[in-house]
Amino acid sequence: MSSVTVTPGRLEGTLTPPPSKSAAHRAILGAALCKGISTISPIALSDDITATLEAIRSLGAVATLKGDTLIVDGSHTFSRRDVTIDCMESGSTLRFLIPVAAAGGVSAEFVGRGRLPERPIGIYLDCLPPCGIQCTTQGGLPLHIQGKLQPGVFSLPGDVSSQFITGLLYALPLLEEESRIVLTTPLQSAGYVDMTIHTLAQFGIAVEQLPDGYRIPGGQQYQPGNIQVEADWSQAAFFLAAGALGGDITLEGLLPLSAQGDREAAHLFTRYGALVSWSQGKLSCRSKFLCRQEIDASDIPDLVPILAVTAALASGETRISGAARLRIKESDRLATTQALITALGGYCRQFHDGLVIRGIPALSGGQVDGAGDHRIVMAAAIAALRASSPVTILGAEAVNKSYPAFFEDFKALGGQIQFNP
């Protein structure tokens, strides 16, 4: 699958979004740190989840997938002392595993592909060496670490990526004595850190939240368990948009009070004017007249592409701000979202940390460059539903990074897709 052509139309029906990628990463890593066997279900293999699975195997954990249940035995994690960890294109895998490998005293070389070698890791280069870790890099990947992480005070900004905080929260309980994380700037994407703390609690790990960060007692032991992975709000948002833009979609398996920050999608599509409602644990979204809104994306950066596509077909001018971190994702996601909308005849301009989108009644057909970015490809497919002629999306295989079954689910809801060689 190098490209797909989507015919304009309407999606209708009931769907269960895939298991949360963010929750699955965290559950897999927690299970790998247990001296025993844990089960995690359901698991849907994507490129990013595969990267984390291979990473824990590199450290010595045993992970076996049976159907959609993952069985992880962490009894021999850290048994390998000199390893190479291929993070593929997964920022979560990279940033979670660096301090964890350091806590295990593992000499590790981290490598990756796509834009991952260019994505920031400087926070670790600042805070790990004072606590016993030698870091060797030319500024990105490959990164080689050596030494045994020591307890201490880890100062880092809260507005770059919550993944750095999560990595430390997993690693520091393994150390002999107490450590602290001190945030030097306000925390963004707080929902992801909340998810981390919730998952750690499921493995018996205690974290105390402080006004300026976190206190992590040392000498803790991860306890094996059976972990259920909730449905993914980030992926659900694409189909909520399909409902808002003319369809009638019902989603199962989502938790209204999820720790996922992207649960905000239900509220945001309501603010756009869509008919969004819960009934018997199911979330439905139907179209209505859509209007502009102001969106602070600081805590929901992954939603920006699909929120922008929705804005392109809503009345008035929508402004999305607080999204500067999107410039260092799989693509410069502010630039590629703008390119997607303008390629289809819409109006969108970017500024340093966001987008301004002026809505029009319908987009045109044509061709969109997926930019090697799964969220741009999926957003383009939803945009195509409200185009005046078919839309061809280049690089459609990028969905494999997070949601390999996206186009299958799209078709199951009535979408018309042609897969091109």
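The values are calculated or read from the model by the stated rules, or taken from the named source; none is laboratory data. Since the structure is predicted, the reported quantities are computational estimates derived from the model, not experimental observations. In this analysis, Cβ positions are derived from the backbone assuming ideal geometry, glycine residues included, and neighbour counts consider all displayed protein chains. With ligands, DNA and RNA removed, areas are computed over all heavy atoms of the protein, side chains included. Shrake-Rupley method; radii C 1.70, N 1.55, O 1.52, S 1.80 Å.
Tabulated values for the structure
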| read-out | value |
| --- | --- |
| Unmet requirement for M88, which otherwise passes all of (1) farther than 23 Å from A371 by Cα; (2) open to solvent by 10 Å² or more (accessible area, probe 1.4 Å) | (1) |
| In the range 301-319, the residues that are of a type in the set (S, T, Y) and either open to solvent by less than 10 Å² (accessible area, probe 1.4 Å) or closer than 20 Å to H374 by Cα (or both) | T310, T318 |
| Within the range 60-84, considering residues that are β-branched (V, I, T) and within 18 Å of A31 (Cα to Cα), the one surrounded by the most Cβ atoms within 10 Å (Cβ to Cβ) | V72 |
| Residues within the range 19-50 that are in contact with a strand residue (DSSP E or B) (Cβ under 6 Å, 6 or more places away or on another chain) and open to solvent by 30 Å² or more (accessible area, probe 1.4 Å), tallied | 4 |
| The range 272-290, residues that are open to solvent by 50 Å² or more (accessible area, probe 1.4 Å), in a strand (DSSP E or B) and of a type outside the set (G, A, S) | L275, W278, K282, R286 |
| Qualifying position, being modelled with pLDDT under 95 and in contact with a helix residue (DSSP H, G or I) (Cβ under 7 Å, 6 or more places away or on another chain), among Y272, Y170, Y192, Y222 | Y192 |
| One residue from S75, S79, S41, S58 being under 30 Å from G243 (Cβ atoms) and polar (S, T, N, Q) | S41 |
| Scan of the range 221-257 for residues that are buried (at least 22 other Cβ atoms within 10 Å of the Cβ), touching a Phe, Trp or Tyr at 6+ places or on another chain (Cβ under 6 Å) and closer than 30 Å to H76 by Cα, ordered by number | Y222 |
| Residue count for the range 1-13, restricted to those that are open to solvent by less than 10 Å² (accessible area, probe 1.4 Å) and in a loop (DSSP other than H, G, I, E, B) | 1 |
| Every residue from the range 142-167 that is at pLDDT 95 or above, among the aliphatic types (A, V, I, L, M) and open to solvent by less than 40 Å² (accessible area, probe 1.4 Å) | L143, I145, L149, I165 |
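Listed here are the residues, each with its yes/no results for (1) without any contact (Cβ under 8 Å) to a residue 60 or more places away in the chain; (2) within 19 Å of C348 (Cα to Cα).
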{"residue": "Q260", "(1), (2)": "no, no"}
{"residue": "H267", "(1), (2)": "yes, no"}
{"residue": "Y272", "(1), (2)": "yes, yes"}
{"residue": "V276", "(1), (2)": "yes, no"}
{"residue": "G281", "(1), (2)": "yes, no"}
{"residue": "S284", "(1), (2)": "yes, no"}
{"residue": "F289", "(1), (2)": "yes, no"}
{"residue": "E294", "(1), (2)": "yes, yes"}
{"residue": "S298", "(1), (2)": "no, no"}
